[in-house]
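What follows is calculated from the coordinates using simple rules that are stated; it is not laboratory data. Everything numeric in this text was worked out from a predicted model, so none of it was measured. Because the Cβ atoms are built from the backbone with ideal geometry, glycine has one as well, and the counts that use them run over all protein chains shown.
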Amino acid sequence: MWTGPTGLGVALWLSACGLSEQAPKASPKSEEPAAGEPAADSKSAIDDEPQPTELTTETPAVVELKLSEEQQADILERLAKPRPQTVRLTLTDIVPVGGKPPSGAIRIFLGEGDEAVTAKTSVRDPRYAGTVVFQPAHGEEPQSFVLDVAPVLAELRRRERVALDKPIRLQLLLIPIEGDDPPRPVTLKSATLSVPEPR
């Protein structure tokens, strides 16, 4: 059960060789799915065999997350708590294009807004769900990330910027890290929303 801050989403980096914590603090490893597969103890929303999505620094990649009625009910129950309980967004198997280790970071936005997302969009934007940073030391190995997006979903519902009975708009934008070269394009295998089963 998520008991962390109710502000921005919390990012985790997962890889096939283990778990490395990204600030801010992450949930315990036992709650997170293994890299490249959805959590066995969760109900998730994911397209069947989706085509990889390319991420660049030019325009955000857009992915639509579709929920079944059961998944909608599960998430609504989580968001209705005085402190919203964990709803996971999992970005699975991100790999570099061109055979070189990835660099930079991915800025993540959920829901609808008045303006298009760009590299200049503020992290104070209510759609902002978090930023995940690549680990170049792992070379060309696929990297996966998990964020708790319950706080941002709750705020977006309050602002009527997201409806769970319609596809949820996910926007992903590559951004450079200060002092580094511009990041190279990467591909994302899939994006998943899931609710962990009560223990």
| said: I want to make sure I understand the PRE zone here: with the label point 7 angstrom from the Cα of Ile177 toward its beta carbon, which residues in segment 91-110 have backbone N atoms less than 12 Å away? | reply: 102-106
| field | Per residue Cα convex hull volume in Å³ - calculated over segment 59-196 | value | 115 Å³
| query | Taking the Cα-to-Cβ direction at Glu64 and at Val123 and moving 7 Å from each Cα, how far apart do the two end points lie in nm? | reply | 3.1 nm
| field | Integer Hz, Karplus 6.51/-1.76/1.60 couplings in order for segment 107-114, x for Gly and Pro | value | 9, 10, 10, 10, x, 9, x, 6
| field | Under the Karplus curve 6.51 cos²θ - 1.76 cosθ + 1.60, θ = phi - 60°, whole-Hz ³J(HN,Hα) for segment 117-124, x wherever Gly or Pro sits | value | 6, 9, 5, 8, 4, 5, 6, 7
